[in-house]
1. What share of Cα pairs, in percent, lie more than 30 angstrom apart in region 150-316?
2. So if each residue of separation counts as 0.36 nm, and I subtract the Cα-Cα distance between residue 342 and residue 73, what length gain in nm does that give?
3. Please say if region 165-245 is rounded, prolate or oblate, where rounded means a/c under 1.5 for a ≥ b ≥ c the square roots of the C-alpha gyration tensor eigenvalues, and otherwise the choice is prolate for a/b larger than b/c and oblate otherwise?
4. So if R0 is 41 Å, what FRET efficiency would residue 284 and residue 27 give, r being the distance between their Cβ atoms, rounded to the nearest 0.05?
5. Would you mind calculating the gained length between residue 179 and residue 197 on full extension (0.36 nm times residue separation, minus the Cα-Cα distance), in nm to one decimal?
6. Over the Cα atoms of the chain, what radius of gyration and what Dmax do you get, in Å?
7. Helix-only mean residue ellipticity at 222 nm, the chain, DSSP H runs n ≥ 4 weighted -39,500 (n - 2.57), per residue, nearest 500. What is it?
8. For residue 335 and residue 358, what does the FRET efficiency come to when R0 = 30 Å and r is the distance between their Cβ atoms, rounded to the nearest 0.05?
């Protein structure tokens, strides 16, 4: 059932105010006006995507009359026919006080959920972030989509890997991501090209999908077995090996294997400091989730000094920024300020305001008129 997540230890200050994390306090280009209709933000559990979860709670605290938050089950273990995200969407569509739904991660079945919701309320505004479902379909169903710019992210990841001494880059993924979703297919192409340009051997491994029989445990076991197989078969050698996967369910395994073998771990499936190394080395969250600098200090202190792996964390709150961008853009759509005709200009304006960082860039993604890709480079070595 839909439930509101109560923000803990938060003030009602605008989420745009960040210190020490690269974000600067900045007045928005235009005042942010909450609409009369509510915006529902659907998030995965905190254990899956902590940055998204906390950022949503902060936005609900900042706009208590306009933003409400609902949690759905861990998307890594959803099976075909699992109705929860559809049920949540349908419940919201039936609520006359709700004007929009934002899917903080557009996980699989999001397109079905939006279709079901709009059958009930055709006027419902929808926004998606970082599509795990088909970007082709979501761009047609949603008013706006925000995602990471994987072209820029790939260059940043590979540049960091090169500095760490990488000779091999192992990318794990599976058909549901690479074959069924053009967004992830492009991600692979960007990473492969960046490796080639940097003289790093690119190795692709078709891994186990956690939604299949065996679930997350089987996916994690596959990573361990596959790394051993790649070593035994001579596909990789030495310790200058980067491990990467599009699967959020195996990040802790990648970190553990990298540390055990002296490999390199740069980035989780989505650029964030709150997944990856932080799943293995626990650190306290900062008061505001976008204060990544404070979190990385705690994370460095939590990383054991006797390990051999070269471990990194992303130094910018991209997930938080994309969610704020989506909320402010949806506010404007509901208030009639943003339309299909001026969406590109105004979505970029709201995202740039939310970013508060000169290194942040946003642009239209490929030929989609309502999909926008954003990034700010920066990884910090933890050990």
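Values quoted throughout were computed directly from the atomic coordinates according to the rules given, and no laboratory measurement underlies them. None of these values were measured; they are calculated from a predicted model. Here Cβ is always computed from backbone atoms with ideal geometry, including for glycine, and neighbour counts include all displayed protein chains.
1. Values: 1677 of 13861 pairs.
The proportion of pairs with Cα distances above 30 Å equals 12 percent.
2. Values: separation 269, 0.36 × 269 = 96.84 nm, distance 3.51 nm.
Stretched fully, the residue 342-residue 73 segment lengthens by 93.3 nm.
3. On the way: a/c = 2.80, a/b = 1.19, b/c = 2.36.
It is oblate, given that a/c is not under 1.5 and a/b is not larger than b/c.
4. On the way: r = 31 Å, r/R0 = 0.75.
That pair, residue 284 with residue 27, gives E of 0.85.
5. Values: separation 18, 0.36 × 18 = 6.48 nm, distance 2.40 nm.
Between residue 179 and residue 197, full extension yields 4.1 nm more.
6. Rg then Dmax for the chain, in Å: 20.0, 62.
7. Mean residue ellipticity at 222 nm (helix-derived): -12000 deg cm²/dmol.
8. Values: r = 28 Å, r/R0 = 0.94.
Taking R0 as 30 Å, the efficiency between residue 335 and residue 358 is 0.60.
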